[in-house]
1. Going by amide H atoms built from the backbone, whose H comes under 5 Å of the H on Val37, apart from near neighbours?
2. Net charge near Leu39: determine it from the other residues with C-beta under 15 Å of the C-beta of Leu39, scoring Lys and Arg +1 and Asp and Glu -1.
3. In which sequence would Leu45, Leu62 go, from the one with the fewest C-beta neighbours within 10 Å to the one with the most?
4. When a footprinting reagent is the concern and you count Cβ atoms within 10 Å, what order do Arg34, Arg58 take, fewest first?
5. Quick one: which residues, 5 or more positions from Val32 or on another chain, have an amide H under 5 Å from its amide H? H modelled 1.01 Å from N in the peptide plane, none for Pro or chain starts.
6. Please compute the net charge surrounding Thr78, taking Lys and Arg as +1 and Asp and Glu as -1 over other residues with Cβ under 12 Å from its Cβ.
7. Starting from the Cα-Cα distance between Thr78 and Ala57, subtract it from 0.36 nm times their residue separation and give me the gain in nm to one decimal.
8. Using the Cα atoms of the stretch 33-94, I'd like the radius of gyration and the largest Cα-Cα distance, Dmax, both in angstrom.
Amino acid sequence: MFWPATCTPAPGPSATGPCTRHWRTSPALLAVDRDAVELFTADGLDLLLALQDTASARGVPLVPVAPSAAVRRVLDVTGTAEAFTISSSIAEATAGYRP
């Protein structure tokens with residue numbers, strides 16, 4: 001399942017909006033492709049961590065896929081790389097999951 005980039009990471013249980021329905025479908029996995037990211041700042045890291053918290057609270061594993069050098073650098077410098085299971089491709093990330 002691919003969600004639009006405009007989806008917010010943490011809709012509450014009573015939230016409404018274009019992305020709420022995606023959270024209600026209970027996906028087996030949330031793969032976040034970071035391959036094309038050229039600039040990854042603290043705001044991006046905060047968003048990724050908030051998305052992970054939301055996914056975890058719903059029992060959905062979040063897997064960053066193919067993080068660019070910019071993303072990898074921030075994850076490594078901040079020590080947050082260990083918080084994620086990182087995959088090199090969508091195929092690798094989704095191999096064990098079937099809807």
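Values in this text are rule-based calculations from the coordinates and carry no lab data. Quick caveat, the model's predicted, so the values are computed rather than measured. We place every Cβ from the backbone using ideal geometry, glycine too, and count neighbours over all the protein chains shown.
1. Excluding prolines and chain starts, which carry no amide H, the hits are Ser68.
2. Cβ neighbours under 15 Å give a net charge of -1.
3. Neighbour counts put them in this order, fewest first: Leu45, Leu62.
4. Fewest-to-most Cβ neighbours within 10 Å comes out as Arg58, Arg34.
5. Those qualifying (amide H under 5 Å, at least 5 residues apart or on another chain) are Val63, Val65.
6. Result for the local shell: -1.
7. Once the chain is fully extended between Thr78 and Ala57, it gains 5.3 nm.
8. 11.1, 30
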